[in-house]
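Colleague: Below you will find the structure I want to go over with you.
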């Protein structure tokens, strides 16, 4: 049997095993959260602890509060702030990261400033922003964008600077222009790290969105959850926590789908390399 035949058989065996494992993994992904909810339901069914109400009562409060009453007035503005701030951070982070990754003198000049600013938590600067700019929605957008800028910025810089020299030498041999090298060499090479940084930025943006709403905001998921806690409305507080978990899961799910689409070529190359 030739080496090629052996590789083909090995690849087919791995593909068959992956197909057989997929239903099991999907069942676990769906089944484990359901089991946890069932356990929570029965564990809290007869609870008399005011801070641990029955899950059935929490879900009734969740339906009344977030599905009917506060959806347009609080959920939509919060998610709009998240999307706008995150897109601003990603666009600036990618453009500035590519520039700093390509222009070494500019990188050495600005790197100390970038490292200094990224070391300061944006949450710690929120009181200063509020004092200077007031309690407007612009302050929250600015704080979220600032906090989520640096993960994608640093990842983009590292991705561009770590482009393989062999690829760059090949681009020089074929006499590619700067724009062609950027589009065909630097960006594809750095895109896995760009997406990794963008994922971290998304998680940071979600956290800062909630935190910023807890500091002086009258509306928003974070503001209402904090208000429920201070008012000892425990069921409303638990409903807000559950909503945050659901939204966080959905946001990460959307990002994962976008990442798989954007890096389909990279994921396919990894699978081909592992098959060898």
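Colleague: Would you call residue 64 closer than 23 Å to residue 206 by Cβ, modelled with pLDDT under 90 and assigned by TED's automatic domain parsing to the domain that holds residue 208?
Modeller: In short, no.
Colleague: May I ask you to verify whether residue 84 is out of contact with any helix residue (DSSP H, G or I) (no Cβ under 7 Å at 6 or more places or on another chain) and modelled with pLDDT of 90 or more?
Modeller: no
Colleague: Of all residues in the range 45-83 being surrounded by 17 or more Cβ atoms within 10 Å (Cβ to Cβ) and more than 27 Å from the chain's Cα centre (by Cα), which is farthest from residue 142 (Cα to Cα)?
Modeller: Residue satisfying both the conditions and the ranking: 54.
Colleague: Considering the range 104-122 alone, what residues qualify as being in a helix (DSSP H, G or I) and farther than 25 Å from residue 195 by Cβ?
Modeller: 105, 108, 109, 112, 113, 116
Colleague: Looking at residue 223, is it touching a residue at least 12 places away in the same chain (Cβ under 8 Å) and under 18 Å from residue 82 (Cα atoms)?
Modeller: Yes: the conditions hold for residue 223.
This table checks each residue for (1) more than 21 Å from the chain's Cα centre (by Cα); (2) more than 28 Å from residue 214 (Cα to Cα).
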site	(1), (2)
133	yes, no
143	no, no
151	no, no
164	yes, yes
169	yes, yes
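Colleague: Next up: Scan the range 129-141 for residues that are exposed (fewer than 15 other Cβ atoms within 10 Å of the Cβ) and assigned to a helix (DSSP H, G or I) and report the count.
Modeller: Here the count works out to 4.
The values are calculated or read from the model by the stated rules, or taken from the named source; none is laboratory data. It should be emphasised that the depicted structure is a prediction, and the values quoted were computed from it without experimental measurement. Quick reminder, even Gly has a Cβ in these numbers, built from the backbone with ideal geometry, and neighbours come from all protein chains shown.
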